[in-house]
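The values are calculated or read from the model by the stated rules, or taken from the named source; none is laboratory data. These numbers come from a predicted model, not from an experiment. With ideal geometry, Cβ positions are generated from the backbone for all residues, glycine too; neighbour counts draw on all protein chains shown. Quick note on the areas: whole protein, heavy atoms, side chains included, nothing else; ligands and nucleic acids left out. Shrake-Rupley method; radii C 1.70, N 1.55, O 1.52, S 1.80 Å.
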Amino acid sequence: MHRTENANPTEAEARLARLESQLDRVLHHLEAMEQRQRRLDDLVEVGIPIARQATGVVGGHLQALDDQGYVSLATAMKGGMDRVLSSYTAEDFELLAQNLVGILDVVRSLTQPEVLAIADEAAQAIRDAGSAKPVGMMAALRASSEEDVQRGMAVALQILRQVGHAAKGQRPGLARKTRRGPAAGMDPRLASRLAPSRPPAAEPAQEASSSKIAAVSSTKRAAAPASSSPAPAEASAVEGEGGDWSRELALAIAAAEGVELTPVAWSIIDYARKTYQESGSSPNIRALTRGMGIDTREVYACFPKAPGRTLARIAGIPKPAGCL
Amino acid sequence: MTQRKVAIVCSKGGLDEVYPALILANGARMAGIEAFVFFTFYGLDAITESKVDHLHVNMAGNPSMPIPTVLSGLPGMESLAATMMKKKMEDLDLPSVREMLDILDGAGAELYACHLAMEMFGRTKDDLIKQCKEVITVGDFYDMAEGAQIIFT
């Protein structure tokens, strides 16, 4: 029993020793925690003024931006974007993307320094519009002798010319067609080129060759709409006819017109066809006489009645345009 | 269909007044219409050898002119306007009046001078260009113009 009592104190000592070492570790942790706490306190002590300062700086910057109008600009831009999103459909954006290169081209041309300089000057004049005095005819005439006004008029005329030229190819309702139809997204320039409807094709060739009378009448039918329609359509309508042209057909038409084809007449026909094929327009009588070095009389001798039209009919080309 | 025919009276000698008559006559021939031109009063200048190359544009009293009438009386204005018009016509490759008359002659349009005007201006047939066929009276004109449409310029 005593042994065990003896043995027990030893065990208790060992336990005490373990507890002591555990206590040591706890104390050590406490110390570390205390140290961290102290550092945190330092940080707070130093950090708060810094944070306050930083907030002040950020606020100051925001205030400055507001003063400069950036904030209201951003608000306005957001409003603008909202409006854009509500008034344009996905289809519009798709179109926009497809025409992006064209749009960028336009923007690039518009933002060239020289263009901007001119636009700025013009804008200045518009800003001063309130102080402009009304002028009469005489003042306009006087002004028209100023070099600047003359140059301005030249520019304005050139712009009008270009706009008119571009508008010529357009047809009403084209914009809608390009949006809805299979041509949606096509380059507008290409679309406008394709827009004018082609006239119905000329009569088929087999009808023309079936009999001489039919040949003549079909040519007349084909020539009639061609002569009343504008140049491009006319060219395409008669070109097809020109492809079917032959000397036999020419002879048949000439016979129906009561024209005898002399060697001079043939040379005139050949020259007219060649001119048409090369230039795309039929020569008038003056062009024939000057180009071939012959006299007006000879042309009238070959094609006595309405030479320009008769020649065109026989040669299978459109009748010459113009007054001479 | 009866043969169409026009009789054109050219009574004024301005460049802008002679051309329409000549172009109308030539256009008629090109369309297979018979045409003759009767040159009378100052229109006679158009077929007068010494005048045909020097026709002017009538400026005074012409409301289409781009300058005020008071200025049109200044010396040299008419020849300036004529020069400008001729330049424009050259750019358009329009034939001169002399060439137009030759084209008309070749196209079978007949050119006649007015007998009374010839006497007034003291001109003889020799003063006229060779394409002028004959000097005729107003009575002759009406005989020739029978069945024709008459155009007065």
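Dividing the summed helix terms, -39500 (n - 2.57) for each DSSP H run of n ≥ 4, by the number of residues in chain B produces a 222 nm estimate of -11000 deg cm²/dmol to the nearest 500. Need the C-alpha centroid separation for the stretch A:1-72 versus the stretch A:289-324, integer Å. Answer, in whole Å: 111.
Here the stretch A:1-130 has 64 percent of its accessible surface on carbon and sulfur atoms, given a 1.4 Å probe and all protein chains in place. Multiplying the residue separation of A:Leu116 and A:Ala74 by 0.36 nm and removing their Cα-Cα distance gives an extension gain of 12.6 nm.
Largest GNM mean-square fluctuation across B:Val37, B:Val57, B:Val70, computed for chain B with C-alpha springs under 10 Å, falls on B:Val70.
Could you pull out the longest piece of chain B with no exposed loop GluC sites (Glu not before Pro) in it, calling a site exposed if DSSP puts it outside H, G, I, E, B and it has at most 14 other Cβ atoms within 10 Å? Looking at chain B, B:50-145 is the longest stretch - no exposed GluC sites (Glu not before Pro) with at most 14 other Cβ atoms within 10 Å.
If the segment from A:Asp148 to A:Ile103 were pulled out straight at 0.36 nm per residue, it would be longer than the present Cα-Cα gap by 13.1 nm.
Summarising the amide proton neighbourhood of B:Val6: residues at separation of 5 or more, or on other chains, whose placed amide H is nearer than 5 Å comprise B:Glu34, B:Ala35, B:Phe36, B:Gln149. Straight-line reach from A:Lys168: taking Cα to Cα under 21 Å and skipping same-chain neighbours fewer than 8 places apart, the lysines in range are A:Lys177. Listed by chain and number, the aspartates and glutamates whose C-alpha is less than 12 Å from the C-alpha of B:Lys130, apart from same-chain residues fewer than 8 away, are B:Glu49, B:Asp102, B:Asp105, B:Glu110. Ignoring solvent entirely, what values of log10 I(q)/I(0) come out of the Debye formula for the stretch A:1-110 at 0.10, 0.19, 0.24 Å⁻¹ when each Cα is a single scatterer? The Debye formula, applied to the Cα set alone, gives -0.72, -1.08, -1.19. For B:Glu134, the residues whose amide H sits under 5 Å from its own are B:Ala113, ignoring neighbours fewer than 5 places away on the same chain, with H placed 1.01 Å from N. Label positions at A:Ala301 and B:Leu71, each projected 7 Å from the Cα along the C-beta direction, are separated by 5.2 nm.
Residues of the stretch A:275-294 that bury at least 50 Å² of accessible area when the other protein chains are present, relative to the chain alone (probe 1.4 Å, heavy atoms, ligands and nucleic acids excluded): A:Arg286. The equivalent ellipsoid of the stretch A:88-130 has semi-axes of 31, 15, 4 Å, largest first, where each one is the square root of 5 times an eigenvalue of the Cα gyration tensor.
Against the longest principal axis of chain B, how steep is helix B:97-106, in degrees 0 to 90 to the nearest 10, with axes from Cα atoms? Once rounded, the angle reads 10 degrees. Its Cα gyration tensor gives chain B an equivalent ellipsoid; the semi-axes, largest first and in whole Å, are 27, 18, 14. Per the accessible-area calculation with a 1.4 Å probe, the total area buried between chain A and chain B rounds to 1400 Å².
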